[in-house]
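Laboratory data are not the source of any read-out in this text; all were calculated from the coordinates shown. What you are looking at is a predicted structure, and each value in this text was computed from that prediction instead of being measured. Cβ placement follows ideal geometry from the backbone for every residue including glycine, while neighbour counts extend to all protein chains displayed.
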Amino acid sequence: MVKDAPIGVFDSGVGGLSVLDEIQQLLPHESLLYVADCGHIPYGEKTPAFIRERSRLVAEFFRAQGAKAFVIACNTATVAAVADLRQDYPDWPLVGMEPAVKPAAAATRSGVVGVLATTGTLQSAKFAALLDRFATDVRVITQPCPGLVELIETGDLDSPALRQLLQGYIEPLLSAGCDTIILGCTHYPFLKPLLAQMLPPSIILIDTGAAVARQLKRLLGERELLALGDPEPAQFWTSGDVYHLRNILPTLWKHSGVVRSFGS
């Protein structure tokens, strides 16, 4: 691996762009590659075996592109595939996602933490292990959010339908006394402006995008792989409609980038 090699970032859809943005902010010299598996979204309805197969396919694509690191910017794909991928590529810096249970447990004042996430994440053994490890002294209220990912995938961040759906998901958390809410899906940080309007200002929102960027920087630094020069423009691939991603990309990614078809 060489320092100026790109970093590959992968999600089932456009949600991982929130993580890509954190990486770009912390590591502005890095060249970035992004694959959105929009043709198979949502992953929450797919089997773990299918998600592992797709994740390995993307990993091989990034290897062919010469990527020096791989970020799985998807909670569901991390749960299904990260352990196998680390076995397959033991010398490749690989960073996954997990809901921010530990920082939320430290931040709460009321002792009640809410989690907005996909059903797949909330039902996973990995999430249960996080609760057992970090949330023994707090009460955790979980709220699955079917439909949110699909709306965000269309570029909808503020429609009446989205507001109504989101209101139904946050009301039980507020009623239970949550003062800290985990955004447990990489799509959900795009809803922070809307949530700021809908929630009391005392509510703390926590996601893991910045932590993933810091972990990536640490791994690259240990291997002396941090880039120092000018980056190439970000490159994007989608297994879904290329024209759709090109149309909504300016809403979710404030920088330039080329979008191509991920044909597999």
Long-range amide H partners of I204 with built H, under 5 Å: T180, I181
Built amide H within the under 5 Å cut-off of I141, gap 5+: V113, G114, V115
If contacts are Cα pairs under 8 angstrom and at least 6 residues apart, what is the relative contact order of region 1-145 in percent? 23 percent
Using the per-residue mean of other Cβ atoms lying within 10 Å as a proxy for protection, in what order, highest first, do the peptides 133-139, 89-95, 234-240, 101-107 fall? 234-240, 101-107, 89-95, 133-139
HN-Hα couplings for region 103-113 via Karplus (6.51, -1.76, 1.60; θ = phi - 60°), in whole Hz with x for Gly/Pro, come out as x, 5, 5, 6, 8, 5, 9, 7, x, 10, 10
Label region 99-239 by shape, choosing from rounded, prolate and oblate, from the square roots a ≥ b ≥ c of the eigenvalues of the Cα gyration tensor; if a/c is under 1.5 it is rounded, and otherwise prolate applies when a/b is larger than b/c, oblate when it is not. oblate
Angle, helix 242-252 long axis vs. longest principal axis of the chain, Cα atoms, 0 to 90°, nearest 10? 60 degrees
Report, ordered by chain and residue number, the aspartates and glutamates lying within cross-link reach of K46, taken as a straight Cα distance under 13 Å and ignoring same-chain residues fewer than 8 apart. D37
For Rg and Dmax of the Cα atoms in Å, the choices are (i) 18.5, 67; (ii) 17.8, 52; (iii) 20.2, 61; which was calculated from the structure? (ii)
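Considering Cα pairs under 8 angstrom that are at least six residues apart, work out the relative contact order of the chain and quote it in whole percent. Before the final figure, lay out the partial values.
Numbers: 477 pairs, mean separation 76.1, N = 264.
Once normalised by length, the contact order is 29 percent.
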Would you calculate, for the chain, the mean residue ellipticity at 222 nm contributed by helices, counting each DSSP H stretch of 4 or more residues as -39,500 (n - 2.57) and dividing by all residues, to the nearest 500? -13000 deg cm²/dmol
Cα axis of helix 160-175 to longest principal axis of the chain: angle in degrees, 0 to 90, nearest 10? 60 degrees
Give the aspartates and glutamates reachable from K102 as a straight Cα distance under 13 Å; neighbours fewer than 8 places away on the same chain don't count. D132, D137, D207
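Just want to confirm a number: the relative contact order over region 5-84, from Cα pairs under 8 angstrom separated by 6+ residues, in percent. Don't skip to the answer; put the middle values down first.
On the way: 105 pairs, mean separation 37.6, N = 80.
Relative CO of region 5-84 lands at 47 percent.
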